[in-house]
Amino acid sequence: MFEHMLDGLDGLTLGVKFLFTVGGLKNLVMLALAGLLIYLGVFKEVEPLLLVPIGFGCLLANIPYSELMVQGIDPGAKQVMEAMGAAAPEALKHLAKDDTGFIRTIYNMGIANELFPLLIFIGIGAMTDFTPLLANPRILLFGAAGQCGIFLTLLLALALGFPHLQAMAIAIIGACDGPTAIYVSSQYAPELLGPISVAAYSYMALVPIIQPPIMKFMTTDKERRTRMPAFKNAISPTTRLLFPIVVTIVTGLIAPKGLPLMASIMLGNFMRECGAVSRLVKASENEIANVATLFLGIAIGSTMAADKFLQPTTLAIFALGFVAICLDTVVGVGFGKIMYLMTGGKVNPLIGSAGISAYPMAARVVQQEGQKYDKQNFLLMHAMGANTGGQIGSVAAAAVMLALVDALRHLF
Amino acid sequence: MDKWSFGLTMMIVGISGTFVTMAILIGAIQLLKKIFPAEANGDAKKS
């Protein structure tokens, strides 16, 4: 009896004992990291909507023996067992036992099948006003220039020895777009989903710190003071209504593999512009986006189990993600300088840095940096145009990338 | 396909593909603005 009681007590202390083993140290490090993510989200307001659930998911995944991410059911085994009935062997019954962990259920529900990023995209589309972009469509080119970091980082990742698909998933951090990064990496490198997602969201939040030094380094005082005239073009409601449909068809025809990404963002925008489904618009930008963000955050955080996350590759992913965002800014501002020269000094090169998907943060950075040198310089609307162009550009670049990989996949 | 061929193909075709997509979209927007000018719609929104 006493022995049984001791055995029972032993079971209760398994988790604590594990934390003080060599393997447990890793869990302790990850629990500290979870605390840091939660701290950054709650007290420093760094992407709180994501870092809080990601941090909590990370915390849950690193409590020893929690088994919240256990994939308990084998659908094939279940099917065979049902067919065999009572004659099914014990081993098969064990395989078919449905003890899937609570977070694994969420993961399977919306990350493994890429649903949650798409639901968030519908919300983003419903929240985005493309009018500044429509008023000056040429600004879309900044949205393309701002994605060059993706492709340059792909080369760097390959040089560091990452396999083709992993390199591609890492490079997509350069899209500066969390849902896109999750969508691509869950398809091609689900084993790297945790570090890639955390890197993507962390660097998105760090845009106001990463970009200004590069913007200053790459431009002259005269260029930074360039004033751009206010838009004079007016946009008809019909143009605003047809824009999402045209974008969906064009990008769908060019890169059908990436259509879910573009279609979801444009569906949200179409609902916003048509004005007939205001309830759906409100639901998309609030309830649906919020629920998807919560589940997505917890599920991403739970992929950060110590044995998978504390690897040299994680450090490499964070370094490459940083390089990707820097390269986006360098090429964007460089493209802005080309436009400055081509237009005889009518385009402020600073707006090139807004050609990424971090909306509206990148546009605000341009406005703040421009006003540091000329208080009367109002670049915000132009930067917003480039920034919304960056949103479309990042999705287009990801779509092009997916289409290319699909075409080349049989060769590697 | 070795990794460098893959990387360079992705980079060249990827960047070009993204720019071409954007260029087509610019053309499409210009066309939309021509077909549906703001003046024709009384409730046009000034940007």
Practice prompt. Please work out the ratio of the alpha-carbon Rg of the protein assembly as shown to 2.2 N^0.38 Å and round it to two decimals.
Written response: 1.08
Worksheet item: For the pair A:Ile63 and B:Leu31, how long in nm is the line joining their label points, each one 7 Å along Cα→Cβ?
Response: 5.7 nm
Item to complete: Calculate for chain A the 222 nm mean residue ellipticity that helices alone would give, adding -39,500 (n - 2.57) per DSSP H run of length 4 or more and normalising by residue count, nearest 500 deg cm²/dmol.
Response: -22500 deg cm²/dmol
Worksheet item: When we measure straight from the Cα of A:Lys257, which aspartates and glutamates land under 15 angstrom away, once same-chain ones fewer than 8 places off are left out?
Response: A:Glu114, A:Asp406
Worksheet item: For A:Cys326, A:Cys274, A:Cys148, what's the fewest-to-most ordering of other Cβ within 10 Å of each Cβ?
Response: A:Cys274, A:Cys326, A:Cys148
Worksheet, complete the sentence: From fewest to most C-beta neighbours within 10 Å, the residues A:Arg409, A:Arg272, A:Arg224, A:Arg279 line up as A:Arg279, A:Arg409, A:Arg224, A:Arg272
Worksheet item: Taking neighbour counts of Cβ atoms within 10 Å as a proxy for exposure, in what order, fewest first, do A:Asp177, A:Asp221, A:Asp129 appear?
Response: A:Asp221, A:Asp129, A:Asp177
Item to complete: Could you rank the peptides A:34-41, A:22-29 by their average count of other C-beta atoms within 10 Å per residue, with the highest value first?
Response: A:34-41, A:22-29
Item to complete: Just the number, please: Stokes-Einstein D of the range A:317-406 in µm²/s, Kirkwood Rh from C-alpha pairs, 4 °C, 1.567 mPa s.
Response: 94 µm²/s
Discussion item. So if I take the centroid of the Cα atoms in the range A:345-412 and the same for the range A:307-337, what is the distance between those two points in Å?
Written reply: 16 Å
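Just so you know, all these numbers are worked out from the coordinates, no wet-lab data involved. Since the model is a prediction, treat every value here as computed from it, not as a measurement. Heads up, the Cβs are rebuilt from the backbone with ideal geometry, glycines too, and the neighbour counts pull from every protein chain shown.
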